[in-house]
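To start, the structure under review is shown below, and the notes come after it.
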């Protein structure tokens, strides 16, 4: 965390995979604390407009943070259908997009899509 910027933690809509959920649950949190339903999946919950895990000292679970947070500011641009640096990141110009990061983002998106399809097929909510 070079800049200690938390802009991405304000009004976050970060999706959570099952693996992200399990990683956080293993820390002793319960889903109601940190997650909200988003369609057939989950996303990080905001508390007073900030990510539940954001404290005065930064992310409370930094070493266990969701995969999407690890990849940020690399995001999937719905308009171009490509990986891109989030325009909302004030330091985005300092990041270089590497092929490995694009591959990680692609894998994460495929995982989230697969989990959502599976839940839709089951016709029920995600259970962890």
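Data table
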| item | result |
| --- | --- |
| Filter pass, residue 49 being within 15 Å of residue 7 (Cβ to Cβ) and either surrounded by fewer than 18 Cβ atoms within 10 Å (Cβ to Cβ) or under 14 Å from the mean Cα position of the chain (by Cα) (or both) | yes |
| One residue from 6, 36 being free of Cβ contacts under 8 Å to residues at least 12 places away in the same chain and surrounded by 12 or more Cβ atoms within 10 Å (Cβ to Cβ) | 36 |
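One line per residue, one yes/no per condition, for (1) closer than 14 Å to residue 67 by Cβ; (2) at pLDDT 95 or above; (3) in a loop (DSSP other than H, G, I, E, B):
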residue	(1), (2), (3)
1	no, no, yes
5	no, no, yes
13	no, no, yes
19	yes, yes, no
22	yes, yes, no
29	no, yes, yes
33	no, no, no
36	no, yes, no
43	yes, yes, no
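Each row is one residue, and each column tells you yes or no for (1) over 21 Å from residue 31 (Cα atoms); (2) free of Cβ contacts under 8 Å to residues at least 24 places away in the same chain; (3) surrounded by fewer than 14 Cβ atoms within 10 Å (Cβ to Cβ).
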position: 55; (1), (2), (3): no, yes, yes
position: 59; (1), (2), (3): no, no, no
position: 62; (1), (2), (3): no, no, yes
position: 73; (1), (2), (3): yes, no, no
position: 82; (1), (2), (3): yes, yes, yes
position: 88; (1), (2), (3): yes, no, yes
position: 91; (1), (2), (3): yes, no, yes
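The values are calculated or read from the model by the stated rules, or taken from the named source; none is laboratory data. Just so we're clear, the structure is a prediction, and the values are computed from it rather than from any experiment. We place every Cβ from the backbone using ideal geometry, glycine too, and count neighbours over all the protein chains shown.
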